[in-house]
Amino acid sequence: MAQAANLNMVEDDSAAAEVAELVARSRAAQAQIEDYTQEQVDKLITAMVWAVAKPGVAEKIAQFTVDETQLGNYDGKYLKIFRKTRATLYDIIDDKSVGIIEEDPVRNIVKIAKPVGVIGALAPTTNPEATPVIKAISAVKGRNSIIVAPHPRAKLTNKMIVDLMREAIVKMGAPADLVISIDTPSLEKTNELMKQCDRILATGGGAMVTAAYSSGTPALGVGAGNAVVTVDETADLDDAAEKIRISKTLDLAASCSSDNSVILVDAIHDEMLAKLQAKGGYILDNDAKAKLQAAIWVDGHINAKVVAQTPKFIADYAGFDVPEGTQFFIVPESGFGPDHPFSGEKMTVTMALYRAKDIDDAIRLTNGIQAYQGQGHSCGIYSNSDANIMKLANATKTSRVMVNQPQAASNSGNLWNGMRQTFSLGCGSWGGNSTNNNITWRDLINETWVSKPLAQPKVLPADDVLFASVIDELK
C-alpha cells in the first residue's frame, strides 16, 4: 500500500513538473502576441485552419482519425475537418476581438477585450479532428495561447493536427507554442493542466467536466447531450425523415447532439414511421431490443466497444440480425428514467421512438426524458406551426431548440442557421454549467468596462410613480 502511494506521488510530481514546463512555454508565447493587431490575429487563425483543412490534408486527417480511434466514419470526420473548421473560421473572422469591441452610447460605456492567458483545453475522443482546431482558433482570436489535452485514444491525431497548426503559426511569424499538445496524455497531466492554466475549456465526459469545475481554475464546461426531437402534424414529413437520418447517422452518432429520441404525434405517427423505415431505420422487436440493451450498457455505463460503430457491427456484437441497408435502429419506447435506459444518451446509431397524443404530450415526454439525461442541452422540432414551436421552446428546460434542421449538424452552428460555430455547448444551470452559450472566443477573453458620466444624470422618479403598480395593494 505504501509503495503504491509513493508511486502515485512520484507520478503526480512528474506530471506537475512536465505541465509546468508546458505552461511556461505557452505563457511566454502568449506574451508575444498580447499586443497583436486585429489583422495579425485574423491572419494567424486563417493560417491555422488552412493548414489542417486544405485539400489533401483534410482527407489524410479524416482517415488517420478513423484508423486511430476506430470511432465514427471517414465521411463524418472529413465533414468536420474540412467543412466545420472553415465554417467556424468564417463565423468569427469578422468579429472584432482586439481593442474596443463594444460601445453602448446610452449608458456611455465601452468594452475593451483583453486576453485571459493560457487556455487549457480538453478534447474528446469522439470529435478529436476538429475540436483542437476550433478551440485553438477561438483561443488565439482572443490573443491567448492554448494547451490541448487529448483523450489517449486520439493522441496521435491530436499531435498531427497541432503540429500542422504550429508550422503555420511559425510561417506567420508568431511563436509555435501558441498551440501545444500534450503528446503523451494521462489523467494526472490533464488534472495538472486544469490546475495550472488560466481558463479551462472542457469538452468530454461528465467526470472530466466535474474535475474541471473542481480544479480551482475558472472553467467553461458542457453538459450531457441527449437530444429529443418532435415531429408534429404540420411538418413536412419527407424533409423531416431525411434530416433525422442525417443527424442520427452523422459520424455514426459520435456526437452528443445526435437524435437520441424522436417523438411522433398521433396524427402522423404511422406515416412518419414508414418514412423513417424507408430511410434505413430498422424497428427492433422485444428480443432484439433486450440484446441491444445488454450490448450498449454494461454495469450501467455505455460500452465503449459499440460507441460510434456501424449498425452491422453493433448487431453482430449484440447477437441479432439486421437487413442490408440498415442505417440506424428504431427502438419503440414509452417510459423514461433509469428503468428505461433507451431514454438516455446512447452514443450509437440507436433512436428511441415515442408516440405522443399532441404537442403538449410531446413536451411532457421531452421534459421527462431530459430530466433523466440531457437537460439544458438541446431539443428540436419539425413543424410549420409557430404556435407549436414556441410552445415547446417556452415549456422545455433547454438551451437550444432547432427547428426543421438536422440536430447533430445544426445546434453547434452551420451555414444554414445563425448559431455560433463551436463544438462546446453550454447547458446553463439545467446542465450544471455557467452559460447557455455556444462557446466561442468571446468566452475566452477578459473585458474591461470603461464608464464615463452620462451627459444627463438619471433622476429617480417620485415614489408614487416608481411604486405605482403596488402602492395601493400594499396599503
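The values are calculated or read from the model by the stated rules, or taken from the named source; none is laboratory data. Note that the structure is predicted; figures quoted are calculated from it, not measured. Don't worry about glycine lacking a Cβ; one is built from the backbone with ideal geometry, like all the others, and counts go over all protein chains shown.
Some notes on this structure:
- Counting only helices (runs of 4 or more DSSP H) that sit wholly inside the range 69-184, those with at least 3 residues that are among the aliphatic types (A, V, I, L, M) are 85-92, 131-141, 155-171.
- Residues (in a strand (DSSP E or B) and surrounded by fewer than 17 Cβ atoms within 10 Å (Cβ to Cβ)) located in the range 277-335: ILE283, TRP297, VAL298, HIS301, PRO332
- Yes/no for LEU201 being buried (at least 17 other Cβ atoms within 10 Å of the Cβ) and at pLDDT below 95: yes
To keep it simple, each residue is scored yes or no on (1) part of a helix (DSSP H, G or I); (2) more than 16 Å from LEU264 (Cβ to Cβ); (3) in contact with a helix residue (DSSP H, G or I) (Cβ under 7 Å, 6 or more places away or on another chain); (4) not assigned by TED's automatic domain parsing to the domain that holds PRO338.
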{"site": "ASP361", "(1), (2), (3), (4)": "yes, no, no, no"}
{"site": "ARG364", "(1), (2), (3), (4)": "yes, no, no, no"}
{"site": "ILE389", "(1), (2), (3), (4)": "yes, yes, no, no"}
{"site": "ASN394", "(1), (2), (3), (4)": "yes, yes, no, no"}
{"site": "GLN405", "(1), (2), (3), (4)": "no, yes, yes, no"}
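- Verdict on VAL19 being touching a helix residue (DSSP H, G or I) at 6+ places or on another chain (Cβ under 8 Å), closer than 16 Å to VAL170 by Cβ and crowded, with 17+ Cβ neighbours inside 10 Å: no
- The set of residues in the range 22-75 being surrounded by 14 or more Cβ atoms within 10 Å (Cβ to Cβ), in contact with an Asp or Glu (Cβ under 8 Å, 6 or more places away or on another chain) and under 17 Å from ARG166 (Cβ atoms) consists of ARG25, SER26, ALA29, ALA51, ILE61.
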